[in-house]
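A quick write-up on the structure given underneath.
No value in this document is a laboratory result; all are computed from the given coordinates. All of these numbers come straight from a predicted model, not from anything done at the bench. As a convention, Cβ positions derive from the backbone with ideal geometry for all residues, glycine included, and neighbour counts pool all protein chains shown.
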Amino acid sequence: MKQTPLRPPSLTAVFMELAELTPDRFDRLSAEIDSPDAFDHEKERVAALVPILGKDEDTLGAIISATSFLYQRIHKSSGEISDLPKLVGDIVVSILEQDDSEPDEKPDEAKTQLIIDRLAHLLRFQENASRFTKHERLRWGFLPAATDFSTFVDLRPSLSDDLSEVVELIPTIQFRIKTDSSSPLMKSLVFQLDPRNLKRLKAEVERAEQKLNTLMNDVRLTGMMSKRRP
C-alpha cells in the first residue's frame with residue numbers, strides 16, 4: 001500500500017508514524033541513528049532506507065529530522081540528564097496538548113507511552129549522534145547553505161527592425177540556487193549567464209574540486225579527515 005507522505009509534517013504526525021513502525025523496523029531505525037550517519041536526512045541516505053523501514057521518503061525524512069531536532073535541544077549542554085524518559089514524556093505531552101489536530105489524529109494513552117519509550121531510546125546520549133551534530137554545525141557554519149541547483153537554457157531571438165524575421169538567436173542560461181535560509185530574499189537566488197561566463201563558472205568549480213582533492217589527499221591531513229560522506 002502506498003504510504004501517505006507528511007506534507008508538511010507536524011510533530012504529532014511524526015510521533016504517530018514512529019509508533020506505527022514494527023518492532024523490527026524500529027530496531028533498524030535505532031541502529032541507523034546509532035551509526036556514524038546518525039541524523040543525516042539528505043535524499044540519498046533517506047532513499048536507501050525506504051525499502052528497509054517501509055516508509056516513503058518524505059515521512060522517513062521527517063522522522064529523522066524531528067529526532068535530530070529533539071536530540072539537539074535535549075543535549076545542547078554537556079550536563080548529564082538524570083531522568084531522560086520523564087523529560088521526553090513531558091516534551092511529548094506538551095507537544096500533543098498544544099496540537100489542534102482532531103482527536104482521532106492524536107495517539108491514545110497506550111500509543112503515547114509507546115512514543116515516549118521509543119523517543120527516550122532514540123534520544124539517549126550517543127557518541128555517533130553527538131559527533132554528527134557537531135560535524136554538521138562545522139560543515140554548514142552560520143551562512144545559508146546551497147541545497148539545490150537548476151538551470152534553464154533559452155534562445156532569445158533578435159528580430160529585424162520591421163519585426164518581420166529572426167536575424168539571430170542569442171543563447172542564455174538562467175541558473176537557480178536554492179538555500180536553507182530562513183530569509184525569503186535568500187531562499188532562491190537566480191542569475192543569468194552567457195555561454196562564456198558558463199565556461200568560467202565551470203572552470204571555477206573545477207578549481208574548487210582540485211583544491212579540495214589536494215587537501216583531502218594530503219598525507220599529513222588524511223588521518224584527521226571526517227569519515228562521513230562529504
Would you mind getting me the FRET efficiency between residue 135 and residue 213? Use the beta-carbon distance for r and R0 = 25 Å, nearest 0.05.
-> 0.80
Could you give me the ³J(HN,Hα) list for the stretch 42-53, computed from phi with Karplus coefficients 6.51, -1.76, 1.60 and θ = phi - 60°, whole Hz, x at Gly and Pro?
-> 6, 3, 4, 5, 4, 4, 5, 8, 3, x, 7, 9
Simple label model, 7 Å out from Cα along Cβ direction - residue 24 to residue 87, nm = 3.4 nm
Exposure proxy check: 16, 186 ranked by fewest other beta carbons within 10 Å?
-> 186, 16
Taking the alpha-carbon set of the chain, what are its Rg and Dmax in Å?
-> 23.8, 82
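Based on the alpha-carbon gyration tensor of the stretch 128-218 and its eigenvalue square roots a ≥ b ≥ c, which shape applies: rounded if a/c is under 1.5, prolate if not and a/b is larger than b/c, or oblate? Provide the component values of the computation, followed by the final result.
On the way: a/c = 5.09, a/b = 2.09, b/c = 2.43.
It is oblate, given that a/c is not under 1.5 and a/b is not larger than b/c.
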How about residue 187: which lysines have a C-alpha closer than 18 Å to its C-alpha, ignoring those fewer than 8 places off in the same chain?
-> 178
Loop chymotrypsin sites (Phe, Trp or Tyr not before Pro), the stretch 138-218 (other Cβ atoms within 10 Å of the site Cβ: 12 or fewer; DSSP) | 142
Which aspartates and glutamates, on any chain, are close to residue 43 with Cα under 17 Å apart, when same-chain ones fewer than 8 places away are left out?
-> 32, 56, 57, 58, 136, 148, 180
Can you find, among 182, 205, 193, the residue farthest towards the positive end of the dipole of the stretch 90-221? Put +1 on the C-beta of Lys and Arg, -1 on that of Asp and Glu.
-> 205
